[in-house]
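So the structure is just underneath, and the comments pick up after that.
The values are calculated or read from the model by the stated rules, or taken from the named source; none is laboratory data. All of these numbers come straight from a predicted model, not from anything done at the bench. Here the Cβ positions follow ideal geometry from the backbone for every residue, glycine too, while neighbour counts run over all protein chains shown.
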Amino acid sequence: MELSNRQEKIIEIVKNNGPITGEHIAEQLNLTRATLRPDLAILTMAGFLDARPRVGYFYTGKTGSELLTEKIKKFKVHEYHSIPIVVQESASVYDAISTMFLEDVGTLFIVDEHSCLIGVVSRKDLLRAAIGKQDLSALPVHIIMTRMPNITVCRKEDLLIDVAKNLINKQIDGVPVVKDTPKGLEVVGRVTKTTITNVFVELITDNHI
Ligand code: ADP
């Protein structure tokens with residue numbers, strides 16, 4: 001977030017004189033309290049300043065990058081996940097390849113009749129199957145999938161940064177977002193490397209802090 005000249009000046013004043021009332025900051029800048037109100041609101045919301053009733057404003061001591069880090073660490077899966085693309089366990093490898101092209105995704109989640117997760121197939125899993133001399137429409141996808149319990153999953157309330165770390169550590173492109181049900185893990189979303197890339201770009205374009 002770019003601070004205006006005036007906002008920089010306010011921070012300096014509070015740094016040197018805090019705790020200080022809005023009235024006194026305004027005096028030092030030869031402005032009215034009302035003129036300063038939006039700037040003080042922005043600086044407080046962004047976390048540069050803190051305000052205590054009847055005491056005034058004080059400097060939190062946090063730099064812009066510290067505040068950004070704090071913010072990123074709080075991003076939750078449910079704020080960013082996308083729609084999962086699933087195929088039934090009875091589907092063939094041929095069907096899975098078609099679905100991957102049609103839906104334009106790199107990872108498919110395989111589900112049972114209750115929409116519960118039983119496996120994952122990636123592009124390379126399908127390529128591997130395709131270079132064998134097998135009839136792909138007769139080969140069920142569940143034969144070649146990576147299966148439970150070896151699947152890395154996440155839940156809506158998980159932190160996005162933890163999922164990003166898992167993508168790197170496990171060397172995978174995506175994880176399903178699951179919901180615990182009596183029948184198993186229902187697939188409700190997906191977080192992929194694209195999700196993380198989008199967040200990265202959004203941080204710059206949306207001026208998050
Ligand atoms: P690609 O094979 O296209 O490089 P990945 O890196 O995502 O794609 O997959 C590597 C291997 O890990 C594949 O065999 C795939 O089945 C498996 N895999 C993919 N996603 C997961 C996951 N969430 N949990 C466990 N294994 C996974």
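Would you mention how many residues in the stretch 76-110 are within 14 Å of the ligand (Cβ to nearest atom), under 22 Å from P149 (Cβ atoms) and not in a loop (DSSP other than H, G, I, E, B)?
8
For the stretch 164-185, give me each residue that is surrounded by fewer than 18 Cβ atoms within 10 Å (Cβ to Cβ) and more than 12 Å from the ligand (Cβ to nearest atom).
K165, K179, D180, T181, P182, K183, G184
Please determine whether any residue of the stretch 66-81 is more than 21 Å from the chain's Cα centre (by Cα), of a type outside the set (F, W, Y) and either surrounded by 14 or more Cβ atoms within 10 Å (Cβ to Cβ) or under 24 Å from G174 (Cα atoms) (or both).
Checked the stretch 66-81: no residue is more than 21 Å from the chain's Cα centre (by Cα), of a type outside the set (F, W, Y) and either surrounded by 14 or more Cβ atoms within 10 Å (Cβ to Cβ) or under 24 Å from G174 (Cα atoms) (or both).
Condition (residue is closer than 24 Å to T205 by Cβ and exposed (fewer than 14 other Cβ atoms within 10 Å of the Cβ)) applied to the stretch 31-41: is it met by at least one residue?
yes
Of all residues in the stretch 124-138, which are within 37 Å of the chain's Cα centre (by Cα) and either without any contact (Cβ under 8 Å) to a residue 40 or more places away in the chain or over 27 Å from G174 (Cα atoms) (or both)?
K124, D125, L126, L127, R128, A129, A130, I131
Checking H114 against (1) within 16 Å of V178 (Cα to Cα); (2) modelled with pLDDT of 95 or more; (3) more than 9 Å from the ligand (Cβ to nearest atom), which single condition isn't satisfied?
Answer for H114: the failing condition is (2).
Please tell me if R190 is surrounded by 20 or more Cβ atoms within 10 Å (Cβ to Cβ) and among the basic types (K, R).
Considered against the rule, which asks whether it is surrounded by 20 or more Cβ atoms within 10 Å (Cβ to Cβ) and among the basic types (K, R), R190 comes out as yes.
Being within 13 Å of the ligand (Cβ to nearest atom) and outside any loop (DSSP other than H, G, I, E, B) is the filter; apply it to the stretch 131-163 and report the residue that is nearest to D104 (Cα to Cα).
So, considering only residues that are within 13 Å of the ligand (Cβ to nearest atom) and outside any loop (DSSP other than H, G, I, E, B), the one nearest to D104 (Cα to Cα) is V141.
Given the structure, is K179 more than 20 Å from A96 (Cβ to Cβ), touching a residue at least 60 places away in the same chain (Cβ under 8 Å) and not in a helix (DSSP H, G or I)?
Judged against the criteria, K179 is not a match.
Among the numbered conditions (1) closer than 30 Å to T205 by Cα; (2) among the polar types (S, T, N, Q); (3) surrounded by fewer than 16 Cβ atoms within 10 Å (Cβ to Cβ), tell me where T60 comes up short.
Here T60 meets the rest and fails (3).
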